[in-house]
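See below for the structure under consideration.
The values are calculated or read from the model by the stated rules, or taken from the named source; none is laboratory data. Owing to the predicted nature of the structure, the values given are computational and were not obtained by experimental measurement. Neighbour counts run over all protein chains shown; Cβ positions are idealised from the backbone, glycine included. Heads up: the accessible areas ignore ligands, DNA and RNA and are worked out on the full protein's heavy atoms, side chains in. Shrake-Rupley method; radii C 1.70, N 1.55, O 1.52, S 1.80 Å.
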Amino acid sequence: MASPATKDHSHIDINDINEESQQISDKDIVEKDMAPLPGSSIHRSSSRPQLDVSGAAIQGNFEEKDPAILLPNQTDDISHLALDIGGSLIKLIYFSRHADRQVDDGRKRKIKERLGVSNGSRRSYPILGGRLHFVKFETSNINECLDFIHSKQLHCGGMDSQCWPSDAPPSENAVIKATGGGAYKFADLFKERLGVSIEKEDEMNCLVAGANFLLKAIRHEAFTHMEGHKEFVQIDQNDLFPYLLVNIGSGVSMIKVDGDGQFQRVSGTNVGGGTYWGLGRLLTKCKSFDELLELSQRGDNRTIDMLVGDIYGGMDYSKIGLSASTIASSFGKTVSENKDLEDYKPEDISLSLLRMISYNIGQIAYLNALRFGLKRIFFGGFFIRGHAYTMDTISFAVQFWSKGDAQAMFLRHEGFLGALGAFMSYEKHGLDDLMVHQLVERFPMGAPYIGGNVHGPPLGDLNEKISWMEKFVRKGTEITAPVPMAPPATTGLGGFEVPSSKGVLRPDASKLNVGVLHLVPSLDVFPLLADPKIYEPNTIDLSDHGELEYWFTVLSEHLSDLVDKAVASEGGTDDAKRRGGAFARAFSAHLARLMEEPAAYGKLGLANLLELREECLREFHFFDAYRTIKQRENEASLAVLPDLLLELDSLTEDMRLLTLIEGVLAANIFDWGSRACVDLYHKGTIIEIYRMSRKKMQRPWRVDDFDAFKERMLGSGDRKLLPHKRALLFVDNSGADIVLGMLPLARELLRRGTEVVLVANSLPALNDVTAMELPDIVAEAAKHCDILRGAAEAGGLLVDAMSNIQDGYKENTPSVPLMVVENGCGSPCIDLRQVSSELAAAAKDADLVILEGMGRSLHTNYNAKFKCDALKLAMVKNQRLAAKLVKGNIYDCVCRYEPAS
């Protein structure tokens, strides 16, 4: 029977070389009995305290192989360590505590009480953050693994690094969970070196438990891979089961998973990774599995495989749907050729072997999925190890045999399924509550770029141990920034022809890499989204190469100015200059990688790029690069606020509303993230620029729904509408933007009896105002206005007695509250699938959302639909965005009003 068509690719991308994600036992290698073996629930040991994994989330880009997981609800000090000890690699997962920098002062407590939010959203005890780290060691270097465990005192309770006792003994009954053959082989060594016992967990149980956890809890865990194109698949956890899990180790096990703890091995084959490596070693003399894979990248299987075209004179066999390039017989040409083994190129042999085994595994997997009526097939195991060509081959086989009805899917953490399952076997609760929308995804920067004094076992080259090197570094020492080698370019063509160019494996493919997954339970889906399932925050489509190149250029051109501001924010010290240079090199390296490989960090949007920049700044300890600038602009704006309020109060109701919206749009010009606006800053003071901007506020604006908004606010004729109950104002920049734009608008809503919640960033991003800064700004503004003062007091913003209140007019209005909540992010953009629990609670009673600024209302959420009234306000400060989005020009204004869906 013919195999699927032959297929060459010009790009190989091994993000990680993963050894057996599970060791396959003898019964898996030789299929003796096709009868399914019933699964059982994973054993929950009661030997350890509870581990709370509720709110699991990725920290790190969601493409990075094996990023770690944050456990913010974990409060116990326990030995959160589990291993999968295979024949070639040890996969280790450990937990580290991470203290959230949450401020629980009087203001925040009062607002939480009003919103009905308990501490940590769901629990009465303080949240301690945490991370799950994924590390790999070569089994032959097991002593290095033991040194690592000892250096971090993981066997003694997993304490914070700052309080590690150098010689703390493990507890008398200390136990480490482990699976894999090495759990038996090295049990005595762990007892001798670390004084701990290995508690062995069933491999198949661990494999399935790990896969279920990842598929239910981690966004962008699963992906398809065809023709060199990676596409992430979001799976509804309520529709996950049943599925087929194909674990390709030495042999292949095919497991039908029906639920948590419910699975059975339904099939398998003895032709697997061991077959590829064994035959490859005999035929090519390769010394390692990785060397054999690399050979396949340079191969041409047409010199060895017999194709349909070889049989039919270069023609397709169209009658039965076989193309000329379909493999009729793997290694078939060698039968009719009078050649010896040394006459064939090792790379051609390797490629032919890879295709033969991958195609057959794909075919058998599909037939088993068809047999049980399964929609999804997930592939994992040491044979795949993130190898692009292998994934393409398996994917093509599934597509070929299913005639396009089925797709092969892969898992980013496929090499750690067993270790993760062993980790989960500690007694704990909360797993079933994990929701994808609770996950926050960040870009891990650290290890390749942070240098310093290294403590622990020798690490060798800096890039070699990117995975756990950062854990041995004490902060505050000299910073270096070696730039990693760029990944190879790819034509992206693939197909069935010989690659047009020859790629190479990524230089870090076989290194021991690790990422970080942060689990943050305080994040929720914004409850006012009309349909969260179809919500897409990003407006700009960066899958367009021209679009991607343009925005990379924008970020690169802005980089030097950003570095200057960052260094200045730290006093311009030599240390700040070193860190600034390191940040620039690191960020440039990430941009270069993304330019070559846009899917390197998952589905890429403009919001992701902007977040990458902010995360990179924070990685180099620039926590608020625009701090001084923001303070100066706030002071300048607050100085002229009283005059603005007097002007507004002298106007008629309808003129005041128009002037307020004009003021918001005019003040939104102040954005240090815009090159055009940076140029403006050199031409005048903040007040001069604001006045200039106000004078240009001539209607109609590029998008002008003001009249519809005015009718909702003021009514028409004798028809008056009730005011909104609660308005959420997503604010943008510091200075004039918040003080002269959004605060006066908030004041008008308060005057009408609408509760107002100012929603600001949790972390600094450029010159955006943060939730921590806003109460002080409001307090200063309240000195000039009784409306703001009464509302701020009612909302818990003014906990202490106010002083120096200016004697102005006194207006007897009911004091509806003015509150401030954080949005849960630290980027100029916002993903409404991941907002703070405070914001989610505030939104439940809100009937008006106002999104202000380019990042929140144009770059993201311009097309978002809400259950309530929504107003999107921004001045366009980028010519390309103006042309693409609103078909206009720079400094055009957007006032988009959308009634409740």
List the pairs whose first member sits in region 613-630 and is over 12 Å from Ala586 (Cα atoms), whose second member is modelled with pLDDT under 85 and surrounded by fewer than 21 Cβ atoms within 10 Å (Cβ to Cβ), and whose Cβ atoms are under 8 Å apart, counting only residues at least 6 apart or on separate chains? His621/Lys475
Would you confirm, using the coordinates I've provided, whether Asp718 is open to solvent by 10 Å² or more (accessible area, probe 1.4 Å) and in contact with a Phe, Trp or Tyr (Cβ under 6 Å, 6 or more places away or on another chain)? no
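On the given criteria, is Met391 of a type in the set (A, V, I, L, M), in a helix (DSSP H, G or I) and either at pLDDT 90 or above or on the phi < 0 side of the Ramachandran plot (or both)?
Working: of a type in the set (A, V, I, L, M): yes; in a helix (DSSP H, G or I): yes; either at pLDDT 90 or above or on the phi < 0 side of the Ramachandran plot (or both): yes.
Yes, satisfied.
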What do you reckon, is Asp188 modelled with pLDDT under 90 and surrounded by fewer than 16 Cβ atoms within 10 Å (Cβ to Cβ)? no
With the requirement that a residue be in a loop (DSSP other than H, G, I, E, B), at pLDDT 90 or above and touching an Asp or Glu at 6+ places or on another chain (Cβ under 9 Å), what does region 394-430 give you? none
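Got a number for residues in region 544-582 being farther than 30 Å from Lys884 by Cβ, of a type in the set (Gly, Ala, Ser) and in a helix (DSSP H, G or I)?
Our first condition is that a residue be farther than 30 Å from Lys884 by Cβ; within region 544-582, this holds for 567-582.
Cutting the leftovers down to of a type in the set (Gly, Ala, Ser) gives us 568-569, 571-572, 576, 580-582.
Subsequent filtering for residues that are in a helix (DSSP H, G or I) retains 568-569, 576, 580-582.
Selection size over region 544-582: 6.
Touching a Gly at 6+ places or on another chain (Cβ under 9 Å), of a type in the set (A, V, I, L, M) and closer than 25 Å to Ile669 by Cα, is that true of Ala841?
Judged against the criteria, Ala841 is not a match.
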Check region 775-795 and report whether any residue there is within 22 Å of Glu688 (Cα to Cα), in contact (Cβ under 8 Å) with a residue 60 or more places away in the chain and in contact with a strand residue (DSSP E or B) (Cβ under 9 Å, 6 or more places away or on another chain). no
Listed residues Arg726, Arg752, Arg747, Arg702; which is over 27 Å from Thr860 (Cα atoms) and of a type in the set (Lys, Arg)? Arg752
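Where residues in region 790-824 are modelled with pLDDT under 90 and crowded, with 24+ Cβ neighbours inside 10 Å, which of them is nearest to Asn538 (Cα to Cα)? Reasoning before the result, please.
Going residue by residue through region 790-824, those that are modelled with pLDDT under 90 are 796-815, 824.
Subset that is crowded, with 24+ Cβ neighbours inside 10 Å: 797, 824.
On the way: Leu797: 33, Gly824: 17 Å.
Of everything passing the filter in region 790-824, Gly824 is nearest to Asn538 (Cα to Cα).
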Listed by first then second residue, the pairs whose first member lies in region 740-758 and is open to solvent by 10 Å² or more (accessible area, probe 1.4 Å), whose partner is part of a strand (DSSP E or B), with beta carbons under 8 Å and at least 6 positions apart or on separate chains, are Glu755/Arg726; Glu755/Ala727; Glu755/Leu818; Glu755/Met819
Quick check on region 304-325. Is at least one of its residues open to solvent by 10 Å² or more (accessible area, probe 1.4 Å), assigned to a strand (DSSP E or B) and free of Cβ contacts under 8 Å to residues at least 60 places away in the same chain? yes
Report the residue count in region 887-901 for those that are within 15 Å of Pro700 (Cβ to Cβ), in a loop (DSSP other than H, G, I, E, B) and not basic (Lys, Arg). 4
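Go through Lys872, Lys884 for me and flag whichever is at pLDDT 95 or above, of a type in the set (D, E, K, R) and either under 26 Å from Gly753 (Cβ atoms) or part of a helix (DSSP H, G or I) (or both). Full working, then the answer.
Numbers: Lys884 fails: at pLDDT 95 or above.
The match here is Lys872.
Limited to region 699-723, what total is found for residues that are part of a helix (DSSP H, G or I) and free of Cβ contacts under 8 Å to residues at least 60 places away in the same chain? Walk me through it before giving the result.
Of all residues in region 699-723, those part of a helix (DSSP H, G or I) come to 706-714.
Subsequent filtering for residues that are free of Cβ contacts under 8 Å to residues at least 60 places away in the same chain retains 707, 710-711, 713.
Going through region 699-723 one residue at a time, the tally reaches 4.
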Residues (buried (at least 22 other Cβ atoms within 10 Å of the Cβ) and either free of Cβ contacts under 8 Å to residues at least 24 places away in the same chain or over 16 Å from Glu536 (Cβ atoms) (or both)) located in region 846-868: Ala846, Leu848, Val849, Ile850, Glu852, Gly853, Met854
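Determine whether Glu227 is open to solvent by 20 Å² or more (accessible area, probe 1.4 Å), under 26 Å from the mean Cα position of the chain (by Cα), more than 16 Å from Leu417 (Cα to Cα) and charged (D, E, K, R). Steps first, answer last, please.
Numbers: open to solvent by 20 Å² or more (accessible area, probe 1.4 Å): yes; under 26 Å from the mean Cα position of the chain (by Cα): yes; more than 16 Å from Leu417 (Cα to Cα): yes; charged (D, E, K, R): yes.
When the stated conditions are applied, Glu227 passes them.
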What residue, of Asn301, Asn270, is open to solvent by 20 Å² or more (accessible area, probe 1.4 Å) and either within 27 Å of Ala324 (Cβ to Cβ) or touching a helix residue (DSSP H, G or I) at 6+ places or on another chain (Cβ under 6 Å) (or both)? Asn270
Output yes when any residue across region 618-627 is at pLDDT 90 or above, open to solvent by 60 Å² or more (accessible area, probe 1.4 Å) and touching a Ser or Thr at 6+ places or on another chain (Cβ under 8 Å), and no when none is. yes
Please work out which one of (1) modelled with pLDDT of 65 or more; (2) under 30 Å from Ser560 (Cβ atoms); (3) among the β-branched types (Val, Ile, Thr) is the condition Val678 fails and give its number. (1)
Can you tell me which residue among Phe289, Phe263 is under 30 Å from the mean Cα position of the chain (by Cα) and farther than 17 Å from Tyr359 by Cα? Phe263
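Within region 565-579, can one find any residue that is within 30 Å of Phe232 (Cα to Cα) and buried (at least 17 other Cβ atoms within 10 Å of the Cβ)? Before you say what the answer is, go through the steps one by one.
Within region 565-579, the first condition is being within 30 Å of Phe232 (Cα to Cα), and the residues that meet it are none.
Checking region 565-579: not a single residue is within 30 Å of Phe232 (Cα to Cα) and buried (at least 17 other Cβ atoms within 10 Å of the Cβ).
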